[in-house]
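The values are calculated or read from the model by the stated rules, or taken from the named source; none is laboratory data. All of these numbers come straight from a predicted model, not from anything done at the bench. In this analysis, Cβ positions are derived from the backbone assuming ideal geometry, glycine residues included, and neighbour counts consider all displayed protein chains.
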Amino acid sequence: MKRRSSRLWRACITGLIGYAALAPWGATLAQAQTADEQVTSVVSPSPDPPGNGVRGEFQFGSYGRVVVASDLDGGAGKEVNVVSFGPRLQESPYLELDLAYALRTNTDAEFKTVITAALVNAMFHYDGDFDGQIALRNAFVEASGFGVEGLSFWAGSRMYRGDDIYLLNFWPMDNLNTVGGGTRYAFTPDMSLAVHFGANRLDNRLQFQNVAVPAPTFGTENRILNDRLRPIVSARWEHLFHELAPGVGMKYVVWGDFQRLGEGVTRDNNDVEIELPTDTGYTLGAQVGAWGFTPNGFANLFFRYSRGLAVAGELNIPTAGLATDRTYASASQVRLGTSFNAESRWIGVTGGAYMQWFSDADDVNYDRDDYAEGVFAVRPAIFITDHFHQAFEISYQRRVPEGLSPRTDSYLEPAILQFGFMPTLSLGRGMYRRPVLRIIYAASLLNAGARDLFPEGDPRHEASTQHFLGLGAEWWFNSSTYR
Amino acid sequence: MRRLPVPRISLSRICATTFIALTAALALSCNNEVVRVTEQFTPTSQVVDWRGEVVYQLMVDRFANGDINNDHGVIPGDLGRYQGGDWQGVIDNVDYLVELGVTAVWISPVVRNVETDAGFDGYHGYWTQDFTDVNPHFGDIAKLREMVDVLHANNIRVILDIVTNHVGQVFYYDINRNGRPDESIGGSGTNSPLVRTSEYDPDFDIRGIQGYTSLGESGPAPTIWMDMPEINRGAPEPAEFANPEWYWRRGRVTVWGREADACRQAGIDPANWDACYNYVRIQEVTGDFPGGLKDLRTDLPEVRQALIDVFTFWITEIDIDGFRIDTVKHVEHDFWVQFSTAIRDYANAVGKPNFLLFGEVFDGADWLLGSYTAPGMLDSVFYFSQKFQVYDGVFKYGAPTAVIEDLWTERYENYSSIPQPGGVFDFQGNPLPPTSVLVNFLDNHDVPRFLFDLPDVDRLHNALRLLFTQDGIPCIYYGTEQQFSGGNDPANRENLWESGFDRSNPTYQYIRSLIQMRRAYPELMYGYLGIAWSTERTGDEEDAGIFAFERRFAGNRAMVVLNVHTSKNSVTTAESLGAERMTTTFAPGTVLVDVMPGGDGATFTVTDEGCTTVACEQPVPDDYRGSACGCLLVDVPPNMGRVLVERSRVQP
């Protein structure tokens, strides 16, 4: 134990001085698990099962965060990031409500219904607008236990994703938001294959558009001009290795997905009809992880290669950086990422980093839309008592574009160095114990390139140091997003 | 379950390895290639002699669409709106220009414009909003530099179109002081004392636009800057141009086509032509260009310096080789002395000698065109009087070729024969006067195309024969090579890509061959021009339609003979009317071969019959004006021309 603690000390010091990717892995086993494993605690066994030996179990969960902050200059604290997925110290409020109900027969067949509603822009007490936006994230049923050990099916709307980088608030390899269904088969308890098929039709004229045409009597009626359903398929192979050392395990994951948009036609704001060609995209990914090196310790390394539509993501249709034939198939993205956590009784450190190289589909030189970027964030904490700990955070992010700034016509690489200080009241010791109440102070040092991203007169353009002093809370329990 | 061995890797080693890897990856991503485009200015082209260049007028929005991602607001087919052409399109199609044989492109303005006004877009570039920022419809600064680099690498010079007279529709006159721009104020009938007036573009008032309501005048109307960022319609940049005092604020020019009425309205007797003309010129110089284009007070020293600063900026920003200056006659003459001198001084200082300054004086009055070539002013102007009188009048509408001789003779009265200090020079470094470097053209973006009202390709080709054999700098409007035939703006601004960049088009091939001929015989580029024949006759007479001239350079000579008659062969004599045959400086016995592309290769022998000759020491000096050395009878088919050179000089 002592040897492990001194090693951990050296690792933490190395990370604080430069930036380092430690490599244990752990707590965030998310959607790859079956619905069965997500029911880790029964809040209240339902006293009213439907009968015929069917038992019901209800579970309520939530993930959420609320923060109010000042920029120490009379304004509100602002998020400043120059990369696609920057540190989340200054993130805005968000809420997910998870409702799950599992029905289990006396033959152990189980149907679990999971519903997750997400809300943004819902802080009526902050902005005075009684008009928060709500979206249904999960609304699916997962079924298992039909006599084939390890086989499960699901259908519905689902946040279908793997492991995240918590400090950067994103899922670097596999993260599909889909309506569809899938199946998973566990060849052994540690080896499984999951495939899924989904589709979307975004509320965007490039996927779906009605136009008004004369009605047979008076007025107009709607005609579907454009209807491009986007099928998405994925496959995930996962293999776990337990007890390589006492409490230590490893895994690897291989991921692939493919999506396609068929041809169509759209009419723009000037009533110009534009032919839309067939377009495709795919992702190949791999992950290696380990856990158990320390209490709650984990580490992951991610690799993701995407082409075409998969670069933009399934919830986007690219409208910039197109090839001259209006396709996006030649866009590419390579991403490397890491996440880690390590803890002892008194100290914890969690962190994450990624680098990615992006090139859009247009074949032009000096294209500022093409870039390489990277970020690392490390958050060490001292667990002063069981419920109070002092956390710090240091992060550095940088983007290296392929073109010139449109504002200054010069070459700039936006970068931000950020320091955070967070006294935290927590449910218990641990970097991922929630709920927490905390004060957040962050100082962001913006270079000229970062300030150039904002127009003149904007406070983020005018000052190279942006402050964020906030008070907030974050929680999760029985959440489909975090455990 | 088989246990895998625990990896013997220390956490500290993992930390260090990852740190080094991430740092190295980030460092390798530093973009040296992009940084290169911001390196300090190093000229990549030098012009040897502008008379040897062939200019191609290229409207960027209409040439080629190389990047659909800047097609903001494009409405395909609506020629009054953006069509999508950009600098990437020029890069992608530079081979088209190289094969055609042009050696310089005059590109439409690159600066950021007011996006749109009254249903039309600023695709042409003449509605400046920001003098030092690029128009994102065409690309960014890196793309513009890349285009210039690519053109220079293909031996093509770049001439930038600039506007000094005005900016876009960036403010309105709050005549009724209600704080908003009104399309129409005033009365609605014929009995009201107020007429309909637009606060965007009110009629000229020499006092400056006055405020008024039905109760009477209220003093100068406030100048209110527009604030419509969605269409980039706002105070101009750089910030010093956002000073209302920098504008005349007298409203739009109203005299054109109604000079007498305008003078009368101004209290000037139209019979007093000098006074009336002065008033007309005051309007032209200080009035807003129609369409609400606000006129700059180019008489103010600070305005002049600001214009010098913003345009010298572009010389080193993108390494251009010359300026084509818009609306020259709408700016006072003494501005051009100061501006041209400053531009030349700067260009020479930064390693861009032979920087061409030529301008658009959109007027048929030859003396007015020439006035802007006075000492200290422009190197050259567009030869508008020639366009109207010769290319339209003679080649299209059959006016006698004597018009050409008269006009060319007047050139030496109306245009300066004194080279501009620090101005353009020839390949031997000798300064060139404006009379030698006028820019010749058939049509452009402001007039109907040559083929519009008379779609006769034979006449077009014949006009091109003159264009490429006369002295000066030839300039072709894009699309001519594809036989475009649009009428007035915007119909004459067709999308070139709709032609498929057809290199087999007969006119593309013919221009190409004419350029090759011009380059093969240097006298056609650099030579002294001596008129050998012109005529008043346009009917059945033997010489009707004939125009001939010699080009002489460094002992080499070419005789150019054109027949503008559309239906008969003509010859270089009017003996039946008692005139002598055409004379030449070639000696009797010289055999001349026709090398005109598309010609029959006929030969003609110089004699001493049919005209009065003297014995000449051969070769005669380039500027020989003595007696005839020989007589030459040449017949030319209708709508054709010949270029005659000595047999020994004929190139395969």
Fill in the blank from the handout: A:E263 meets each of (1) in contact with a Leu (Cβ under 7 Å, 6 or more places away or on another chain); (2) of a type outside the set (V, I, T); (3) surrounded by 14 or more Cβ atoms within 10 Å (Cβ to Cβ) with one exception, condition (3)
Fill in the blank from the handout: Picked from segment A:415-435 (must be surrounded by 21 or more Cβ atoms within 10 Å (Cβ to Cβ) and touching an Asp or Glu at 6+ places or on another chain (Cβ under 7 Å)), the residue nearest to the other protein chains (Cβ to nearest Cβ) is A:M431
Fill in the blank from the handout: Checked pairs for segment A:207-227, first modelled with pLDDT under 95, second of a type in the set (S, T, Y) and not in a loop (DSSP other than H, G, I, E, B), C-beta under 6 Å and 6 or more apart or across chains, list as A:A212/A:T220
Completion exercise
Expected output for segment A:430-443 (first residue free of Cβ contacts under 8 Å to residues at least 12 places away in the same chain, partner of a type outside the set (D, E, K, R), Cβ below 8 Å, 6+ apart or cross-chain) is A:R433/A:S426; A:R433/A:L427
Fill in the blank from the handout: Of those in segment A:344-374 that are among the aliphatic types (A, V, I, L, M) and more than 10 Å from chain B (Cβ to nearest Cβ), the residue farthest from A:T324 (Cα to Cα) is A:I347
Problem - Among residues of segment A:440-458, those that are out of contact with any strand residue (DSSP E or B) (no Cβ under 6 Å at 6 or more places or on another chain) and closer than 27 Å to A:R379 by Cα, counted - result: 4
Handout entry: The lone exception for A:D409 - which of (1) within 14 Å of chain B (Cβ to nearest Cβ); (2) surrounded by 15 or more Cβ atoms within 10 Å (Cβ to Cβ); (3) in contact (Cβ under 8 Å) with a residue 12 or more places away in the chain it fails
Key = (3)
Problem - Single residue of segment A:271-288 satisfying the filter (under 23 Å from the mean Cα position of the chain (by Cα) and hydrophobic (A, V, I, L, M, F, W, C)) that is farthest from the other protein chains (Cβ to nearest Cβ) - result: A:L284
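Residues are listed down the side, and each one gets a yes or a no for (1) under 24 Å from the mean Cα position of the chain (by Cα); (2) under 20 Å from B:K387 (Cβ atoms); (3) in a helix (DSSP H, G or I):
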| site | (1), (2), (3) |
| --- | --- |
| B:N488 | yes, yes, no |
| B:A491 | yes, yes, no |
| B:E494 | yes, yes, no |
| B:W497 | yes, no, yes |
| B:R503 | yes, no, no |
| B:R512 | yes, no, yes |
| B:G530 | no, no, no |
| B:R537 | no, no, no |
Practice task
From the list A:D360, A:D367, pick out the single residue that is acidic (D, E) and modelled with pLDDT of 95 or more.
Solution key: A:D360
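Each row is one residue, and each column tells you yes or no for (1) touching a Leu at 6+ places or on another chain (Cβ under 9 Å); (2) of a type outside the set (S, T, N, Q); (3) surrounded by fewer than 22 Cβ atoms within 10 Å (Cβ to Cβ); (4) not in a loop (DSSP other than H, G, I, E, B).
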| residue | (1), (2), (3), (4) |
| --- | --- |
| A:I317 | yes, yes, yes, no |
| A:S330 | no, no, yes, no |
| A:V349 | yes, yes, no, yes |
| A:V364 | no, yes, no, no |
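For residues in segment B:326-343 being of a type in the set (V, I, T) and part of a helix (DSSP H, G or I), which is nearest to the chain's Cα centre (by Cα)?
Across segment B:326-343, the extreme among qualifying residues is B:V328.
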Fill in the blank from the handout: Considering segment A:238-248, residues that are more than 10 Å from chain B (Cβ to nearest Cβ) and surrounded by 17 or more Cβ atoms within 10 Å (Cβ to Cβ), and then whichever is nearest to A:S330 (Cα to Cα), we arrive at A:E238
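Conditions (1) within 11 Å of chain A (Cβ to nearest Cβ); (2) modelled with pLDDT under 95; (3) crowded, with 19+ Cβ neighbours inside 10 Å, marked per residue:
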position: B:A24; (1), (2), (3): yes, yes, no
position: B:T38; (1), (2), (3): yes, yes, no
position: B:F41; (1), (2), (3): no, yes, no
position: B:S45; (1), (2), (3): no, yes, no
position: B:Y56; (1), (2), (3): no, no, yes
position: B:M59; (1), (2), (3): no, no, yes
position: B:F63; (1), (2), (3): no, no, yes
position: B:N70; (1), (2), (3): yes, no, yes
position: B:G84; (1), (2), (3): yes, no, yes
Problem - Yes/no for B:E199 being in contact with a Pro (Cβ under 9 Å, 6 or more places away or on another chain) and assigned to a loop (DSSP other than H, G, I, E, B) - result: yes
Completion exercise
Of the residues in segment B:146-170, those that are within 14 Å of chain A (Cβ to nearest Cβ), surrounded by fewer than 24 Cβ atoms within 10 Å (Cβ to Cβ) and out of contact with any Gly (no Cβ under 9 Å at 6 or more places or on another chain) come to B:D149, B:V150, B:A153
Handout entry: Selection within segment A:178-237 - surrounded by 12 or more Cβ atoms within 10 Å (Cβ to Cβ), assigned to a loop (DSSP other than H, G, I, E, B) and not charged (D, E, K, R)
Key = A:L202, A:N204, A:L206, A:Q207, A:L229
Practice task
Return the only residue of A:I394, A:I439, A:I382 being buried (at least 17 other Cβ atoms within 10 Å of the Cβ) and either away from every other protein chain (no Cβ under 14 Å) or not aromatic (F, W, Y) (or both).
Solution key: A:I394
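Tell me, yes or no, whether segment A:348-357 has at least one residue that is in contact with a strand residue (DSSP E or B) (Cβ under 7 Å, 6 or more places away or on another chain) and more than 23 Å from A:N81 (Cα to Cα).
yes
Of all residues in segment A:249-264 being within 14 Å of another protein chain (Cβ to nearest Cβ) and not basic (K, R), which is farthest from B:G77 (Cα to Cα)?
So the residue we want is A:G249.
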Completion exercise
B:C276 fails exactly one of (1) in a loop (DSSP other than H, G, I, E, B); (2) surrounded by 19 or more Cβ atoms within 10 Å (Cβ to Cβ), namely (1)
Handout entry: Only one of B:I209, B:I282, B:I224 that is surrounded by 12 or more Cβ atoms within 10 Å (Cβ to Cβ), touching a residue at least 60 places away in the same chain (Cβ under 8 Å) and aliphatic (A, V, I, L, M)
Key = B:I282
